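Visitor: One structure coming up, written as structure tokens, with questions to follow.
The values are calculated or read from the model by the stated rules, or taken from the named source; none is laboratory data. Just so you know, these numbers come straight off a predicted model, no measurement behind them. All Cβ positions, even for glycine, are placed from backbone atoms using ideal geometry, and neighbour counts span all protein chains on display.
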Amino acid sequence: MLVAERIIVPLDVPTAADAIALIDQLDEVRFFKVGLELFVSTGPQILSILKDRQKRIFLDLKFHDIPNTVAGACRAAAGYGVDLITIHATAGKNALQAAKAALEAGAEAKRQKPPKLIAITLLTSLNARDLAFDLKIPLELPEYALQMALLAQESGLDGAVCSPQEAQQLRQVCGEEFVLVCPGVRPEWADKGDQKRSLTPASALKAGADYLVIGRPITAATDPAAAFNRICEELA
Ligand SMILES: O=c1ccn([C@@H]2O[C@H](COP(=O)(O)O)[C@@H](O)[C@H]2O)c(=O)[nH]1
């Protein structure tokens, strides 16, 4: 896969018009992420817009609910024809299994290829202090992220969303087939914002990430296409 195809650009903007403006500026980008902000504001319409332009889609709604509810959401989402869908690993094994089964059943009913289901291990906006003092989790952060990834794998999921700082460990333990998607990726020249566990694009790929989610360094740049190309050139 070309390096440019391994970069997923999140469309974290408030309206469909803002999203379309970005998609049009970022002609070279093959893979876009639709998250909570845009999906809540536009609904599935934005997914049709991306599909009409032959883009790959990461639908990052981060489901987190009881098994019956996540299964219902996954059954419905399976009909959108997207490539990746997220659920929090902390929803637990029954919910993860129900979500996976519902995605497959929903996709089959719509004669679609099922999206890959990947689990959020620990949000990249949290650090070891947040984990210990706010969430009261008595595990070291890398161990916690690994346990969440293993829970996802044991539940039949296709991969995990993890910080690039944990990618190497997860790759070693979970194997080559387990899809690792890393947000919190920042070129040296970019502001980290609210990301607390970041690495550069080159380090993240070296650590074993399959896909890098890179948002504001591209989307908030004066020239988003130039920022995207700069990252690709730095990786080449
Ligand atoms: O742990 C996570 C899970 C998801 N995200 C999402 O990735 C992008 C990152 O955007 P940047 O502008 O590059 O910070 C954003 O859509 C998050 O919802 C994450 O950051 N961390």
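Visitor: May I ask you to list pairs of residues, at least six apart or on different chains, whose Cβ atoms are under 7 Å apart, with the first in the range 180-203 being in contact (Cβ under 8 Å) with a residue 12 or more places away in the chain and the second being of a type in the set (Lys, Arg) and within 12 Å of the ligand (Cβ to nearest atom)?
Guide: From residues that are in contact (Cβ under 8 Å) with a residue 12 or more places away in the chain, the pairs are Gly184/Arg197; Arg186/Lys192; Gly193/Arg216; Gln195/Arg186; Ser198/Arg186; Ser198/Lys192; Thr200/Arg186.
Visitor: Which count do you get for residues in the range 82-108 that are within 16 Å of the ligand (Cβ to nearest atom) and outside any strand (DSSP E or B)?
Guide: Step one: filter the range 82-108 for residues within 16 Å of the ligand (Cβ to nearest atom), giving 82-91.
After this cut, where a residue has to be outside any strand (DSSP E or B) as well, the list is 82-83, 89-91.
Matching residues across the range 82-108 total 5.
Visitor: Phe133 passes all but one of (1) farther than 15 Å from Asp210 by Cβ; (2) assigned to a strand (DSSP E or B); which number fails?
Guide: Every listed condition holds for Phe133 apart from (2).
Visitor: Given the conditions (1) among the acidic types (Asp, Glu); (2) over 17 Å from the mean Cα position of the chain (by Cα); (3) under 18 Å from Ile218 (Cα atoms), report the number of the one that Asp65 does not fulfil.
Guide: So Asp65 meets the others, but not (3).
Visitor: On to the next question. Could you check the range 33-56 and list, in sequence order, the residues that are part of a strand (DSSP E or B) and crowded, with 22+ Cβ neighbours inside 10 Å?
Guide: Passing the criteria: Lys33, Val34.
Visitor: Does the range 121-130 include one or more residues that are in contact (Cβ under 8 Å) with a residue 12 or more places away in the chain, touching a Ser or Thr at 6+ places or on another chain (Cβ under 6 Å) and among the β-branched types (Val, Ile, Thr)?
Guide: Of all residues in the range 121-130, those in contact (Cβ under 8 Å) with a residue 12 or more places away in the chain come to 121-122, 124-128, 130.
Remaining after also requiring touching a Ser or Thr at 6+ places or on another chain (Cβ under 6 Å): 124.
From what is left, the residues that are among the β-branched types (Val, Ile, Thr) are 124.
Among the residues of the range 121-130, at least one is in contact (Cβ under 8 Å) with a residue 12 or more places away in the chain, touching a Ser or Thr at 6+ places or on another chain (Cβ under 6 Å) and among the β-branched types (Val, Ile, Thr), which makes the answer yes.
Visitor: Suppose the filter is closer than 27 Å to Met1 by Cβ, touching a His at 6+ places or on another chain (Cβ under 8 Å) and of a type in the set (Gly, Ala, Ser); does Ala167 pass it?
Guide: So Ala167 fails the test.
Visitor: Output the qualifying pairs, or none if there are none: Cβ atoms under 7 angstrom, residues six or more apart or on different chains, first residue in the range 28-42 and modelled with pLDDT under 95, second residue charged (D, E, K, R) and surrounded by fewer than 20 Cβ atoms within 10 Å (Cβ to Cβ).
Guide: Within 7 Å, no pair qualifies.
Visitor: Considering only residues that are more than 13 Å from Pro164 (Cβ to Cβ) and hydroxyl-bearing (Ser, Thr, Tyr), look in the range 206-236 and name the one that is farthest from the chain's Cα centre (by Cα).
Guide: Going through the qualifying residues, I end up with Thr222.
Visitor: For the subset of the range 134-186 comprising residues that are out of contact with any Phe, Trp or Tyr (no Cβ under 7 Å at 6 or more places or on another chain) and of a type in the set (S, T, N, Q), which member is surrounded by the fewest Cβ atoms within 10 Å (Cβ to Cβ)?
Guide: Here the residue is Gln172.
Visitor: A follow-up question, please. So, in the range 109-130, exactly how many residues are assigned to a loop (DSSP other than H, G, I, E, B) and either within 15 Å of the ligand (Cβ to nearest atom) or farther than 21 Å from Lys33 by Cβ (or both)?
Guide: Of the residues in that region, 9 qualify.
Visitor: Scan the range 57-72 residue by residue and report those that are in a helix (DSSP H, G or I) and touching a residue at least 24 places away in the same chain (Cβ under 8 Å).
Guide: Pro67, Asn68, Val70, Ala71, Gly72
Visitor: Another question, if that's okay. In the range 1-18, how many residues are within 17 Å of Val82 (Cα to Cα), of a type in the set (A, V, I, L, M) and in contact with a Ser or Thr (Cβ under 8 Å, 6 or more places away or on another chain)?
Guide: Within the range 1-18, residues that are within 17 Å of Val82 (Cα to Cα), of a type in the set (A, V, I, L, M) and in contact with a Ser or Thr (Cβ under 8 Å, 6 or more places away or on another chain) number 2.
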